[in-house]
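Since the structure comes first, as structure tokens, the remarks are kept for the end.
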There are 4 protein chains.
Amino acid sequence: MSELERARRCADRMYDNDRASRDLGIRVTVTAPGSVTAEMTVVKAMLNGFDVCHGGYIFTLADTAFAFACNAYDDLTVAAGASIEFLRPAVEGDQLTAVASEQSRSRRNGIYDVQVRNQHGKPVALFRGRAHATGEPLSERKSDT
Amino acid sequence: MSELERARRCADRMYDNDRASRDLGIRVTVTAPGSVTAEMTVVKAMLNGFDVCHGGYIFTLADTAFAFACNAYDDLTVAAGASIEFLRPAVEGDQLTAVASEQSRSRRNGIYDVQVRNQHGKPVALFRGRAHATGEPLSERKSDT
Amino acid sequence: MSELERARRCADRMYDNDRASRDLGIRVTVTAPGSVTAEMTVVKAMLNGFDVCHGGYIFTLADTAFAFACNAYDDLTVAAGASIEFLRPAVEGDQLTAVASEQSRSRRNGIYDVQVRNQHGKPVALFRGRAHATGEPLSERKSDT
Amino acid sequence: MSELERARRCADRMYDNDRASRDLGIRVTVTAPGSVTAEMTVVKAMLNGFDVCHGGYIFTLADTAFAFACNAYDDLTVAAGASIEFLRPAVEGDQLTAVASEQSRSRRNGIYDVQVRNQHGKPVALFRGRAHATGEPLSERKSDT
């Protein structure tokens, strides 16, 4: 099994069980180990009191891209934290694309950057996530659902 | 009108129009100008591929508390960015409480800290938000919906 | 030995060997395990191209307070990362005080907040540090100098 | 005057007056508007209590690269904040290189990423700075020294 195949199997396994990302209509593509593209359309239920997309949903899209990027190595990895810069509002109907790339990875810790853009290619947010690998194989994990 | 009354009117105005926070069942209480408590119950639709609450929803709860805290002054204020530390997972049925407090506020910029705890009082996340005030009165704003 | 005594012994041991903090004239006081005050006077050599204190020196003061705060438990602890918000410039002659307090601490990870104020009590910076404990006793460590 | 010439004139003007960066032996090279390389050798006076380079000096190097990168447009720009991830310690004698690149820039705000590496090309730190442009021309600024 190639590294890319392994990354995609990890992603498939996670995605099947990821109600949050699926319910939001997020589509995930593994382009390389540590590299992921996630897409989401902004719907009315995501709008905040100012009629723009709640920052929480932009973060969620980026966080999903990050989670799939850092779980490419069959080693269950969780988010220790993240930061986000909001560059431009997103509105209803916008199609957002988050591209995650690995910046650094050691045995236990990784740093992943995610750029979120809209359908015009304009930057919406910059996200940086900090991952912590648990050492538990993802492939042996039992789901409780 | 007292400062607290003004803060609560701003919050009511925002909340009426905030589909995202309302659809997630987030309840918002303004305790003082710049201080807000927001509560949310973790439901199945918020779980990620590891059967714990997607970090995006924990962020969203904190971000809502932050947004209502920084919009207490009838001056439309947006999030420029934020960082979050994830301290402990949240699971289905957990009742999360986010408490936002103002750390710093100048004419245009503010820093707000949010602590998220579960129903046992255990810390789930620490959030720090950076707010930018636009100078546009919130009370004169027309909603487009 | 009380917890406070232990914290102070750890700090004394670190400080003796901390050329960086000593050369900058930083004075460190352990007020409780996980709580530290560090003070520094802004001198001409710390000014940047705009005649205000280089942000790097404000960060350094906060980082020193953080380092001594998280090393209170005889468990060698290093900084994994940090963020800082610059609220107000500091100028030559300003006397800065950094107060570090523990926000969260598990076996391996800790979060520490540091507030930096000037001699008028005005906020200069907010800092949040992420600590990683190595598990190596500080008291048994050999210095190589 | 080309954009690169303007960026270099802004840098020269800043550097002449930047005692902090000069005293630390930091060398600054503007490679393009918004892109800067800064180099520094770790000396004994930069070591902390654990005999490695104090994180404050690694931050300072990155912050200098950031400051020169964001001041390329003859518009006096200050740091609003920054975050840093420490990836690997630096020791006495290490030659560190910080490469700053512009990630986003609007009229008033910019985001700059800085990678710090050692003489072996190994990553030492990742830094992300948030810049705020004041609108004051840098070229008309009087220095008070």
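Coordinate-derived values only; no laboratory data. In this text the structure is predicted, and so the values were computed from the model without any measurement. Cβ sites come from the backbone with ideal geometry, for glycine too, and all protein chains shown count toward neighbours.
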Task: Odd one out for A:Asp51, checked against (1) more than 29 Å from B:Asn71 (Cβ to Cβ); (2) assigned to a loop (DSSP other than H, G, I, E, B) - done: (1)
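With the structure loaded, tell me whether D:Gly110 is over 15 Å from D:Thr60 (Cα atoms) and surrounded by fewer than 17 Cβ atoms within 10 Å (Cβ to Cβ) or whether it fails that test. Full working, then the answer.
Working: over 15 Å from D:Thr60 (Cα atoms): yes; surrounded by fewer than 17 Cβ atoms within 10 Å (Cβ to Cβ): no.
For D:Gly110, the condition - over 15 Å from D:Thr60 (Cα atoms) and surrounded by fewer than 17 Cβ atoms within 10 Å (Cβ to Cβ) - is not met.
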Open item on the list: Can you find a residue that is aromatic (Phe, Trp, Tyr), in contact (Cβ under 8 Å) with a residue 12 or more places away in the chain and within 26 Å of C:Ala79 (Cβ to Cβ) anywhere in region D:83-96?
Closed with: yes
Task: Per-region count, region C:65-97, residues more than 11 Å from chain D (Cβ to nearest Cβ), of a type in the set (A, V, I, L, M) and either more than 30 Å from D:Asp113 (Cα to Cα) or part of a strand (DSSP E or B) (or both) - done: 2
TODO: Give just the number: which of (1) surrounded by fewer than 22 Cβ atoms within 10 Å (Cβ to Cβ); (2) closer than 30 Å to D:Glu5 by Cα does D:Leu61 not satisfy?
DONE: (1)
Open item on the list: Kindly evaluate D:Leu61 against the criterion of being outside any strand (DSSP E or B) and either within 21 Å of C:Ala125 (Cβ to Cβ) or within 12 Å of chain C (Cβ to nearest Cβ) (or both).
Closed with: yes
Task: Selection count, region C:13-45, where residues are more than 10 Å from chain D (Cβ to nearest Cβ) and without any contact (Cβ under 8 Å) to a residue 40 or more places away in the chain - done: 5
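Does at least one position in region A:60-67 carry a residue that is out of contact with any helix residue (DSSP H, G or I) (no Cβ under 6 Å at 6 or more places or on another chain), in contact (Cβ under 8 Å) with a residue 12 or more places away in the chain and among the polar types (S, T, N, Q)? First the steps, then the outcome.
Start the filter on region A:60-67 by keeping residues that are out of contact with any helix residue (DSSP H, G or I) (no Cβ under 6 Å at 6 or more places or on another chain), which leaves A:61-62, A:65-67.
With the extra rule that they be in contact (Cβ under 8 Å) with a residue 12 or more places away in the chain, the set shrinks to A:61-62, A:65-67.
Retained after the next criterion (residues that are among the polar types (S, T, N, Q)): none.
No.
Which one is nearest to the other protein chains (Cβ to nearest Cβ), of the residues in region B:98-124 that are under 18 Å from A:Ala80 (Cα atoms) and over 13 Å from the mean Cα position of the chain (by Cα)? Lay out the reasoning, then the answer.
First, the residues of region B:98-124 that are under 18 Å from A:Ala80 (Cα atoms): B:113-118, B:122-124.
Add one more test, that the residue is over 13 Å from the mean Cα position of the chain (by Cα), and what stays is B:117-118, B:122-124.
On the way: B:Arg117: 11, B:Asn118: 14, B:Lys122: 10, B:Pro123: 6, B:Val124: 10 Å.
So, considering only residues that are under 18 Å from A:Ala80 (Cα atoms) and over 13 Å from the mean Cα position of the chain (by Cα), the one nearest to the other protein chains (Cβ to nearest Cβ) is B:Pro123.
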